[in-house]
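Data first, discussion second: the structure below is written as structure tokens.
The values are calculated or read from the model by the stated rules, or taken from the named source; none is laboratory data. In this text, all values refer to a predicted model and were calculated from it rather than measured experimentally. Positions of Cβ are generated from backbone atoms using ideal geometry, with glycine treated the same way; all protein chains shown enter the neighbour counts. Surface accessibility is based on the protein's heavy atoms, side chains included, excluding ligands, DNA and RNA. Shrake-Rupley method; radii C 1.70, N 1.55, O 1.52, S 1.80 Å.
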Amino acid sequence: MASTVSRKRDLIEGRAALIVIDIQKSTFAPIPDDERAIAHMPDYAERLARTKVAIDKAREIGVPVVFFQEVHRANLVDMGRETDGDEDVHCLDCNPLTELAVEELGIQPNDYKVQKRRYSAFYGTDLEILLKGLKVETLILTGGLTDVCVHYTFVDAHQGDYFCRVIEDCVAGSSLSAHEAALNAMECLQHGAVRTMHDVLAAMDVPAAA
């Protein structure tokens, strides 16, 4: 059987949306590493803070921005299996640090905001309906963790036939090795998926085809 070779894709195919995953107040809180419910790689907060540059650019050119917030009920009824591995109890709705990082990211009252109970931004949310309404084909992902919520959102988007891009400068994992492994896994699914902030901003400056 003859092999097929996919054509080289543009960074942005069709209409894009910027998906900001779980950049919450806890990201920037001065919590000692050994007291965090979830491990963070070095410069975690600094990497996620860069997302505001992409957010500002998206606003400038009319690319919709969707902010995701992982949140669980205080009685843990919807925590599920999330604490069966390395993670401790996290993102409870009674904790002020679970709120979105409104000031750091410049989130506005009319922005799209979606709560999720699981890692993937697609699981149990209305993201699919929102993307269809916005006629989006390319998802540009930022946020954390690279090896958890970003990765699993990417996989679900890939299986839904979206073009997926990850701004490498604006994602961070539970460790450097986990971060790099997740980026490699996503790049394996879609060649050209892992991009720099510079490349993404340049692509946003290219007028969309009519």
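Observations on the model:
- Unique match (being more than 14 Å from residue 15 (Cβ to Cβ), open to solvent by 40 Å² or more (accessible area, probe 1.4 Å) and in contact (Cβ under 8 Å) with a residue 12 or more places away in the chain) among 198, 191: 191
- Segment 102-120 - residue that is part of a loop (DSSP other than H, G, I, E, B) and under 22 Å from residue 182 (Cβ atoms) and, of those, farthest from the chain's Cα centre (by Cα): 117
- Residues in segment 177-187 that are touching an Asp or Glu at 6+ places or on another chain (Cβ under 8 Å) and surrounded by fewer than 22 Cβ atoms within 10 Å (Cβ to Cβ): 178, 181, 183.
- Considering residues of segment 50-78 that are surrounded by 18 or more Cβ atoms within 10 Å (Cβ to Cβ) and among the aliphatic types (A, V, I, L, M) only, the residue farthest from residue 14 (Cα to Cα): 71
- Here residue 86 clears all of (1) touching a residue at least 40 places away in the same chain (Cβ under 8 Å); (2) within 24 Å of residue 35 (Cα to Cα); (3) touching a helix residue (DSSP H, G or I) at 6+ places or on another chain (Cβ under 9 Å) except the condition numbered (3).
- Residue in segment 72-83 that is in contact with a helix residue (DSSP H, G or I) (Cβ under 8 Å, 6 or more places away or on another chain) and not in a loop (DSSP other than H, G, I, E, B) present: no
- Segment 121-176 - residue that is open to solvent by less than 30 Å² (accessible area, probe 1.4 Å), in a strand (DSSP E or B) and free of Cβ contacts under 8 Å to residues at least 40 places away in the same chain and, of those, farthest from residue 51 (Cα to Cα): 164
Yes/no per residue for (1) in contact with a Lys or Arg (Cβ under 9 Å, 6 or more places away or on another chain); (2) under 17 Å from residue 201 (Cβ atoms); (3) not in a helix (DSSP H, G or I):
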residue: 45; (1), (2), (3): no, no, no
residue: 58; (1), (2), (3): no, yes, no
residue: 69; (1), (2), (3): yes, no, yes
residue: 88; (1), (2), (3): yes, no, yes
